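Scroll down for the structure; my scribbles are underneath it.
Coordinate-derived values only; no laboratory data. This is a predicted model, so every value here is computed, not measured. With ideal geometry, Cβ positions are generated from the backbone for all residues, glycine too; neighbour counts draw on all protein chains shown.
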Amino acid sequence: MQKPLSAFRVNQTGYAAGLPVTVAFVTDEPVILKNAEGRVLRSFEPRTVPVDEASGDPVFLMDLGMLPEGVYTLQCKTESRTFTVRPQSWQPVTDALVKGLYYQRCGCELRPEHAGVYTHPACHTAPAAEWENRGFVKRVPGGWHDAGDYGKYTGPGAVTVAHLLYAWKLFPAGCSGDLNIPETGSGIPDILSEALYELKWLLEMQRSDGAFWHKLTKDHFAPFIMPQEDTDPEYLMPVSHCATAAASACLALAARVYRPFEAALADRMLQAALSAWNWLQANPEFVPFRNPDGVRTGWYGDRTDRDERFWAACELLAATGDAAFRSAAESLFAEGLLLTEFGWANVAGLGAVCCLFDLKEKAGDILFADLKETFLKQSESALALSRASGYGTSLAPERYSWGSILPIMSNAVSMILNAELTGREDMRSAALLQWHYALGMNALDLCFVTGFGERSVMHPHHRPSGADGIGAPVPGLISGGPNKGLPYPDTREKVGENTPPAKCFLDETPSADTNEIAIYWNSPAVLAGAYFCAFAQGS
Ligand code: 9MR
Ligand code: ZN
């Protein structure tokens, strides 16, 4: 049983010294703040507050400023709640979000020395046929299971890897720890070893002409069984423009990152990225991916590949210095791209990161100065959304749809990058509110990361967590969160039609529509966590 909802919503993993402590009050009683010795540090009179539209809560966001390391208690007439301030509060959860991807590994045994009780034998090891040409059969080992299902999808995988690689490039002090994975101690930072597990799979997803298969899945989702029991055939589903361009970008980035560690592998990655680009050049007309008849696994459809091509051009420019990629990226940028989204569908933001933080002046005036101006302008909207929300959550009420954690984490990333470019405190503080949202400062009083917090997601829509017979879910997985659409009749009935958007959530295994996990929901949280961990260390 979960503890009852508290009147105080806090980051349940604690707060960090050196960063503002913000808590949410959902009470009309007077409140006091005490330190560990019981001394009253502050008292707050009740105040009338506007109702937060997304949640229906009369909520007041209290900025307590910086607090020294310690244990604190918030108290009103009816209850009290304790929170901590520590220098390294968020390293465990940030590391766990990376380790969460280890638990998604496909094709290998998860051994007790790394996985604790969450072990399983190797899964999905059989070779796969091409869906459209069953005579073509190939072994495509490894990769991460995408989400609560066992599919592996090229574009989402490429984006997830890129988040990890940029977390390490931009904020190494916040994500270079020991994760206790099989590669620990190899000389390559663990976060890069984890990303490499996916990258090696990604390299196998390329057809001989340079295109990438869109996904490697069965024709239907498995029931709630362990992965090694899921033995129906997997297929290489048709190639797509978006998958090819995202893989090209990701591999070009990876070539730069892994070159100091494994030069031959970096060469192979760059070759793969270039041949994917050549395929895109030879196939300029966008063809949206559709599930072939009879296939019901994830679609990951997209309306355009302009943003994927842009990201690829930026990364290839960074990897090769070839001016042809600069002009390709410049003309795609001129088409008008939204640079502040960090999800699988719109990947232009990753191209922007490449230009603004890696290439910098070398990108040239357009891709550095102009692009920076556009980026800074566009990232204002995340701040405006945060300010309009009672909990400081940068999501409009009508935008709480499937995987609402993604736009929220994505906005955290865009505000972090703004703060890095400008030094703006308001951006950093608003980004931090998104991190607090994920870890408990929200309308549900829920920590969305499994294994953390006193009120935490316990029943994610995640096949191994549902099938392993272990009470606690696999740790370090972030739930998709509230979805006002409630497409599943069962969820709709239990949640209630008129529930406010930010409360349309059900911590029950069948509720994929609100409580699934996904690799690309973990990974932007890793980026944000790495930043705040590094910042709290003063680096
Ligand atoms: O993110 C997708 C969401 O927008 C759709 O409404 C939903 C239902 O089709 O599917 C989501 O993506 C899932 C994918 O298809 C398969 N793996 C898990 C993904 C996250 O739930
Ligand atoms: Zn598997």
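Observations on the structure shown:
- Equivalent ellipsoid, the stretch 1-87 (semi-axes from 5 times Cα gyration tensor eigenvalues, Å): 21, 15, 14
- Among Leu5, Val21, Gly70 the positive-end extreme of the charge dipole of the stretch 1-87 (Cβ point charges): Gly70
- Exceeding the 25 Å Cα-Cα cut-off - candidates Lys215/Lys503; Lys377/Lys503; Lys99/Lys372; Lys169/Lys484; Lys169/Lys362; Lys169/Lys360: Lys215/Lys503; Lys377/Lys503; Lys99/Lys372; Lys169/Lys484
- Size estimate for the chain follows the Kirkwood approach: the inverse of mean 1/r over distinct Cα pairs works out to 23.6 Å.
- Evaluated with a Cβ-only charge set (Lys, Arg +1; Asp, Glu -1), the stretch 209-277 carries a dipole of roughly 420 debye about its Cα centre, given to the nearest 20.
- Charges were assigned to the Cβ only: +1 to each Lys and Arg, -1 to each Asp and Glu. The resulting dipole of the stretch 1-87 about its Cα centre is roughly 320 debye.
- From phi via Karplus (6.51, -1.76, 1.60), per-residue ³J(HN,Hα) for the stretch 344-349 in Hz, x at Gly/Pro: 6, 7, 10, 10, 4, x
- Distance between the C-alpha centres of the stretch 332-393 and the stretch 61-79: 35 Å, rounded to the whole angstrom.
- Close amide H partners of Ser456, meaning residues 5 or more places away or on another chain with modelled amide H under 5 Å apart, are Cys447.
- Under-5 Å amide H pairs with Ala518, H placed in peptide plane, nonlocal only: Ile478
- Distance from the stretch 184-261 to the stretch 490-508 (C-alpha centre basis), Å: 34
- About its Cα centre, the stretch 213-350 has a charge dipole of approximately 220 debye under the convention of +1 per Lys or Arg Cβ and -1 per Asp or Glu Cβ, with nothing else charged.
- Across the stretch 118-124, computed HN-Hα scalar couplings (Karplus, 6.51 cos²θ - 1.76 cosθ + 1.60, θ = phi - 60°) run 8, 7, 7, x, 4, 10, 6 Hz from first to last residue, x flagging Gly and Pro.
- Span-like helix ranges in the chain, DSSP H, alpha carbon extent 18 angstrom or more, Kyte mean at least -1.0: 154-170, 190-204, 241-258, 263-282, 306-320, 371-388, 405-422, 425-438, 519-536
- Interatomic Cα distance distribution for the stretch 109-188, bins of 10 angstrom, percent: 14, 32, 38, 13, 3
- By the beta-carbon count within 10 Å of each Cβ, the least crowded to most crowded order of Thr78, Thr304, Thr13, Thr22, fewest first, is Thr78, Thr304, Thr22, Thr13.
- Counting other Cβ atoms within 10 Å as a rough exposure proxy, the listed residues Glu516, Glu29 run Glu29, Glu516 from fewest neighbours to most.
- Sequence-separation-based contact order of the stretch 1-87, relative, with Cα cut under 8 Å and 6+ spacing, percent: 37
- The HN-Hα couplings worked out from phi for the stretch 439-446 by the Karplus form 6.51 cos²θ - 1.76 cosθ + 1.60 (θ = phi - 60°) are 9, x, 7, 8, 5, 9, 6, 10 Hz, whole numbers, x standing for Gly and Pro.
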